[in-house]
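Structure first, then comments.
The values are calculated or read from the model by the stated rules, or taken from the named source; none is laboratory data. Since we're looking at a predicted model, the values are computed, not measured. Cβ placement follows ideal geometry from the backbone for every residue including glycine, while neighbour counts extend to all protein chains displayed. What goes into the accessible areas is simple: the full protein's heavy atoms, side chains included, and nothing from ligands, DNA or RNA. Shrake-Rupley method; radii C 1.70, N 1.55, O 1.52, S 1.80 Å.
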Amino acid sequence: NAVELMVNALRFVPALIEDLTENHEQQRHTMIALALAKWRLEERVAERTQERDARNSKLRVVLDHVGQALFIVDLDGRISQERSAAFDQWFPGAWGGTHLWTMLEPISADAAAWTLVAWEQLREGWLPQDLAIDQLPRKLLHQGRHYELGYRPINRNGELEIGRASCRER
């Protein structure tokens, strides 16, 4: 009986080997397809990155040739890395991440202190957004130069995320 059982079991081995071979072949085809998909995805990411870099380069040209200091300030009051060339020229000590009030400190200590308070009111929502923005300094005089500041909130989904500020020399 034991021999008969062994012989019957051996009859299934060729079918089992064939199934294993088919599974292995399917896995190999799947791996090839995944590798190809990964390669295509990497190519697409590289293309999109080049497109984005080209767009950013064109925007940089605009920012470098506008006669205003354009910059973005986040809700914490920090100036972004993206800003116009005029900003870097007029405020050489203000790096990305610098607080707006820190940037204003060498120009006017009063304006810097007022900006800190007004920005906190804006961030915390103590006042309506328009009123809080109206509290921010609008005009500065520094080393014979007159600066006019403007602020525009950037709202997304009804929430204030960041604001754009601009400064022009008069």
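Observations on the model:
- Residue-averaged [θ]222 nm for the chain, counting only DSSP H segments that reach four residues, each worth -39500 (n - 2.57): -18500 deg cm²/dmol
- Relative contact order of the chain, defined on C-alpha pairs under 8 angstrom at six or more residues apart (%): 17
- On Cα atoms only, tilt of 109-124 relative to the major axis of the chain in degrees: 40
- Farthest towards the positive end of the charge dipole of the stretch 1-110, among the residues Gln89, Phe12, Val45, is the Cα of Gln89, using unit charges on the Cβ of Lys, Arg, Asp and Glu.
- Taking 0.36 nm per residue of separation and subtracting the current Cα-Cα distance, fully stretching the chain between Arg44 and Ala113 would add 20.0 nm.
- Ala33 paired with Leu59, simple spin-label distance in nm, labels 7 Å along Cα-to-beta-carbon: 3.8
- Rounded to the nearest 20, the size of the Cβ-charge dipole of the chain about its Cα centre is 740 debye, with Lys and Arg at +1 and Asp and Glu at -1.
- Working ranking of peptides 33-42, 110-119 by packing, defined as the average number of other Cβ atoms within 10 Å per residue, highest first, is 110-119, 33-42.
- Beta bridges per DSSP, both residues in the chain: antiparallel share near 100 percent.
- For the stretch 70-75, putting each phi into the Karplus relation 6.51 cos²θ - 1.76 cosθ + 1.60 with θ = phi - 60° gives couplings of 9, 7, 10, 10, 7, 4 Hz, in residue order, rounded to whole numbers and with x for Gly and Pro.
- Residue-normalised accessible area of the stretch 1-120, expressed per residue, 1.4 Å probe, Å²: 73
- Here the Karplus curve 6.51 cos²θ - 1.76 cosθ + 1.60, taken at θ = phi - 60°, turns the phi angles of the stretch 58-63 into couplings of 5, 5, 4, 4, 4, 4 Hz, with x standing for Gly and Pro.
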